[in-house]
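Engineer: Attaching a single structure in structure tokens format; questions to follow.
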Amino acid sequence: MIKLRNVTKIYEHRELPALKDVSLDVQDGEYISIMGQSGSGKSTLLNIIGTMDYLTSGEYYYNDIAVHEMKGDKLHEFRRKHVGFVFQNYALMKSYTVFENVELPLLAGRYSGRERKKLVNEMLEFTGIRDLADKKVTRISGGEQQRCAIARLMVAGGDLILADEPTGALDHEMGIAIMELLEMLNKRGKTLIVITHDQEIGSRADRMIRLADGQILEEAK
Ligand SMILES: Nc1ncnc2c1ncn2[C@@H]1O[C@H](COP(=O)(O)OP(=O)(O)OP(=O)(O)O)[C@@H](O)[C@H]1O
Ligand SMILES: [Mg+2]
């Protein structure tokens, strides 16, 4: 599904590459964790896979689409269609309610109000926050905000979930609960790539990739 070949990323005004000659294959429906020290290139790698950032050289194929050749609207469309992001800080709209945040991706489509409501409520049910629908997201806990972010990405569709330290701001128990939710989506067929500093969380994946100085040091399992 994802094929990276000799991907190098050099940020402007930086001497050392953030990624150096990285090659990686990810199968459809796989669950992968990325570990490594701060600055090792984890977020850079995830952002390139999610097309939030451009690679400097190398090739990136997604189901045989040459992503490294795409630009502008095409790239935007690719991201919208395929990629769901989960961040440590949830990236929700602060002045909106839980319901409104989850509804957001649907507003651009051809859904009636009734259809939107049905879909959003289903996802809130799935993530266990249905009773919080009318609360402002600033009034709920971190774990609940992360559930809201996950409900939103489910509504948006997409076959690839990229999570950059999704449990980083949560206590251990809440972190595991969020991972279980993401893993349920993986079991339903979505490809899941998770960055984590937590060995226990990292080892839950089918495959663990360790980065050091912008290179893949080892793959485990
Ligand atoms: N926008 C940027 N401009 C310049 N340099 C950057 C930029 N983003 C990252 N870097 C550099 O690229 C390298 C890799 O950064 P990256 O954010 O990928 O690391 P990381 O493994 O995600 O670290 P952390 O665990 O702290 O999040 C670092 O040296 C970092 O300083
Ligand atoms: Mg990072």
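Engineer: Restricting to segment 129-146, and then to whatever is loosely packed, with under 15 Cβ neighbours inside 10 Å and not acidic (Asp, Glu), can you tell me which residue is nearest to Met93 (Cα to Cα)?
Structural biologist: Taking segment 129-146 first, the residues loosely packed, with under 15 Cβ neighbours inside 10 Å are 131, 134, 138-139, 141.
With not acidic (Asp, Glu) added as a condition, the list becomes 138-139, 141.
Working: Thr138: 9, Arg139: 12, Ser141: 15 Å.
So the residue we want is Thr138.
Engineer: Hey, another quick one. Would you point out which residue out of Ile201, Ile161, Ile129 is more than 24 Å from Lys9 (Cα to Cα), touching a Gly at 6+ places or on another chain (Cβ under 7 Å) and in contact (Cβ under 8 Å) with a residue 24 or more places away in the chain? So that I can check it myself, show each step before the final result.
Structural biologist: On the way: Ile161 fails: more than 24 Å from Lys9 (Cα to Cα); Ile129 fails: touching a Gly at 6+ places or on another chain (Cβ under 7 Å).
Answer to the selection: Ile201.
Engineer: Gly41 - would you say it is within 16 Å of ligand 1 (Cβ to nearest atom), over 16 Å from Asp213 (Cβ atoms) and either touching a strand residue (DSSP E or B) at 6+ places or on another chain (Cβ under 6 Å) or acidic (Asp, Glu) (or both)? Even if it seems obvious, please write down each step before you answer.
Structural biologist: Working: within 16 Å of ligand 1 (Cβ to nearest atom): yes; over 16 Å from Asp213 (Cβ atoms): no; either touching a strand residue (DSSP E or B) at 6+ places or on another chain (Cβ under 6 Å) or acidic (Asp, Glu) (or both): yes.
The answer is no for Gly41.
Engineer: Separate question: In segment 136-157, is there at least one residue being within 16 Å of ligand 1 (Cβ to nearest atom) and assigned to a helix (DSSP H, G or I)? Even if it seems obvious, please write down each step before you answer.
Structural biologist: Kept after step one, since they are within 16 Å of ligand 1 (Cβ to nearest atom), are these residues of segment 136-157: none.
Looking through segment 136-157, none of the residues is within 16 Å of ligand 1 (Cβ to nearest atom) and assigned to a helix (DSSP H, G or I).
Engineer: Does Tyr61 count as aromatic (Phe, Trp, Tyr) and more than 8 Å from ligand 1 (Cβ to nearest atom)?
Structural biologist: Values: aromatic (Phe, Trp, Tyr): yes; more than 8 Å from ligand 1 (Cβ to nearest atom): yes.
So Tyr61 fits the description; yes.
Engineer: Residues in segment 1-16 that are more than 8 Å from ligand 1 (Cβ to nearest atom) and either in contact with a helix residue (DSSP H, G or I) (Cβ under 8 Å, 6 or more places away or on another chain) or in contact (Cβ under 8 Å) with a residue 24 or more places away in the chain (or both): how many? Quick ask: steps written out before the conclusion?
Structural biologist: Step one: of segment 1-16, the residues more than 8 Å from ligand 1 (Cβ to nearest atom) are 1-8, 10, 15.
The next check asks that each one be either in contact with a helix residue (DSSP H, G or I) (Cβ under 8 Å, 6 or more places away or on another chain) or in contact (Cβ under 8 Å) with a residue 24 or more places away in the chain (or both); those that pass are 1-8, 10.
Qualifying residue count, segment 1-16: 9.
Engineer: Does Asp198 satisfy the criteria of being charged (D, E, K, R), farther than 28 Å from Lys81 by Cβ and out of contact with any strand residue (DSSP E or B) (no Cβ under 7 Å at 6 or more places or on another chain)? So that I can check it myself, show each step before the final result.
Structural biologist: Values: charged (D, E, K, R): yes; farther than 28 Å from Lys81 by Cβ: yes; out of contact with any strand residue (DSSP E or B) (no Cβ under 7 Å at 6 or more places or on another chain): yes.
In short, yes.
Engineer: Which of the residues spanning segment 2-35 are on the phi < 0 side of the Ramachandran plot, more than 16 Å from ligand 2 (Cβ to nearest atom) and under 20 Å from the mean Cα position of the chain (by Cα)?
Structural biologist: The answer is Ile2, Lys3, Leu4, Val7, Ser23, Leu24, Asp25, Val26, Gln27, Asp28, Glu30, Tyr31.
Engineer: Another question, then. Considering only segment 153-165, I want to know if a residue exists there that is at pLDDT below 95, more than 16 Å from ligand 2 (Cβ to nearest atom) and at positive phi.
Structural biologist: So far as segment 153-165 goes, yes, one or more of its residues are at pLDDT below 95, more than 16 Å from ligand 2 (Cβ to nearest atom) and at positive phi.
Engineer: Are there any helices (runs of 4 or more DSSP H) wholly within segment 1-116 with 2 or more residues that are surrounded by fewer than 17 Cβ atoms within 10 Å (Cβ to Cβ), and if so which? Give the steps one after another, and end with the answer.
Structural biologist: Details: elements: 42-49, 72-82, 98-103.
Because the criterion is at least 2 residues that are surrounded by fewer than 17 Cβ atoms within 10 Å (Cβ to Cβ), the helices (runs of 4 or more DSSP H) in segment 1-116 that meet it are 72-82.
The values are calculated or read from the model by the stated rules, or taken from the named source; none is laboratory data. Note that the structure is a prediction, hence the values are computed from the model and not measured. So basically every Cβ, Gly included, is an ideal-geometry build from the backbone, and we count neighbours across all protein chains shown.
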